[in-house]
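Working notes for the structure below.
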Amino acid sequence: MDTGTHVVMGFALGGLATLDPVVAEHTVTAHSVLIGTIIGSQIPDIDTVLKLRNNAVYIRNHRGITHSIPAVMLWPLVIIAVIYPLMPQANLLHLWLWTFFAVFLHVFVDIFNAYGTQALRPFSSRWVALGIINTFDPFIFVMHVIGLIMWGFGADPGITFALIYVILIGYYLRRIYAHHSLKKAIKKRIPAAETIIVSPTMRFHQWRIAVKTRNSFYVARGHQRSITVLDEFKRIPIPDTDVINAAKKDKNLSAFLHFSPVFRWEVDEFDDYYEVRFIDLRYRSNGHYPFVAVVQLDLELNITGSYTGWIFSKEKLKKKLEINTL
């Protein structure tokens, strides 16, 4: 989920924790638990700082080791190691339990969006991305905000957020059913489908769809169980050429290939350079595919510039390539 949703979830879990008698009956424990759940709801995303290095490092590592099983076990210990010395009167066990729950819930809900996490590490490095809930879901965010407002006006936080989470569990189940029904409709519409990737949007009934068959890629839009094919591309294997092989050595393209399961490629030859472009087909927006990796090489196949990330204009791409050559 996005940072804002994780923040409100941290406060909500602090309110939910008041259903725990040990927390409810001890002010210091309640305060420490609230701090723990707020931090615990954020700390797995500490790897966002990798963006300060470059997009390639961020794409390769975001939601990787920081969302792994060892990290889920370690983060609560790190948090309480900071909180408990400052609030030694708090109940240590219950502080750990609620902090652990906050960290676990952060990783758990991240599994449901299209980006996913490596939550099964170290047993598997596979990305677990169910594609059921958008990174920012207005309904989930608003429900948490309503709960916080009710808490502010004096409602019992434990009961309030217990009811809200019952509603949200129902919401998740409804989304899972809609996702499953749409995939069945896609298989009926494109019987040759080998791989189907369904990604949610902020609209409940709107979905992005990318499909692989043996010979083609399909890009489509889903509305409930209705499928509209927007683009079809011939599926051409990446060729074993000197230009492509030289481009693959670039860190940005390597990160893109690590992250993107459905893409097409282009190679353009100009008077004094080559440009290799890989285009992710999952994120079509207004007829444009903004998530790309671009590598420019001189005629001796030396990499002169590269970038991976979101590009919505030629001017931005030119600027990014100039920055990455410095």
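Bear in mind these aren't lab numbers, they're just calculated from the coordinates by the rules spelled out. Because the structure is predicted, anything quoted here is derived from the model rather than measured. Cβ coordinates were reconstructed from backbone atoms using ideal geometry, including for glycine residues, and neighbour counts include every protein chain displayed.
Calculated mean residue ellipticity at 222 nm for the chain: -14500 deg cm²/dmol, from DSSP H runs with n ≥ 4 weighted as -39500 (n - 2.57), summed, divided by the residue count and rounded to 500.
If only the Cβ of Lys and Arg carry +1 and only the Cβ of Asp and Glu carry -1, the dipole of region 30-168 around its Cα centre is close to 480 debye.
Label positions at THR135 and ALA81, each projected 7 Å from the Cα along the C-beta direction, are separated by 3.1 nm.
Rounded to whole numbers, the Karplus 3J(HN,Hα) couplings from phi for region 16-22 are 4, 4, 5, 6, 6, x, 5 Hz, using 6.51 cos²θ - 1.76 cosθ + 1.60 with θ = phi - 60°, and x at Gly and Pro. Look at the alpha carbon pairs under 8 Å that are at least 6 residues apart: their mean separation over the length of the chain gives a relative contact order of 13 percent.
Taking each of LYS187/LYS249; LYS212/LYS251; LYS51/LYS187; LYS184/LYS249; LYS183/LYS234 in turn, the alpha-carbon distance tops 30 angstrom for LYS187/LYS249; LYS51/LYS187; LYS184/LYS249. Each semi-axis of the equivalent ellipsoid for region 105-249 is √(5λ) with λ an eigenvalue of the Cα gyration tensor; in descending order they amount to 37, 20, 13 Å. In a DSSP loop and with at most 13 other Cβ atoms within 10 Å, the chymotrypsin sites (Phe, Trp or Tyr not before Pro) in region 132-224 are PHE153.
Equivalent ellipsoid of region 27-180: semi-axes from √(5λ) of the C-alpha gyration tensor, largest first, are 27, 23, 13 Å.
Site pair LEU301 and GLU232 shows an inter-label distance of 3.6 nm when each label is modelled 7 Å from Cα along Cα→Cβ. Suppose a student asked you for the relative contact order of region 160-242, using Cα pairs under 8 Å spaced at least 6 residues apart; what percent would you report? Relative contact order of region 160-242: 20 percent. Working from the Cα coordinates of the chain, the gyration tensor eigenvalues give, after taking √(5λ), semi-axes of 42, 25, 16 Å in decreasing order. The value obtained for region 175-326, namely the Cα convex hull volume divided by the number of residues, is 121 Å³ per residue.
A simple packing score, the average count of other Cβ atoms within 10 Å per residue, orders the peptides 34-41, 250-257, 19-26 as 34-41, 250-257, 19-26, with the highest score first. With a Cα-only, solvent-free Debye model of region 1-57, what are the log10 I(q)/I(0) values at q = 0.22 Å⁻¹? Calculated log10 I(q)/I(0) at the listed q: -0.79. The charge dipole of the chain, taken about its Cα centre with unit charges on the Cβ of Lys, Arg, Asp and Glu (plus for the first two, minus for the last two), comes to roughly 1200 debye.
A simple rule links phi to the HN-Hα coupling: the Karplus curve 6.51 cos²θ - 1.76 cosθ + 1.60 with θ = phi - 60°, which for region 229-234 gives 6, 9, 9, 9, 10, 5 Hz, with x for Gly and Pro.
For ASN91, the amide hydrogen comes within under 5 Å of the amide hydrogens of THR29, counting only partners 5 or more places away or on other chains and with H modelled in the peptide plane.
Averaging Cα coordinates gives a centre for region 254-282 and one for region 1-46; these two points are 43 Å apart.
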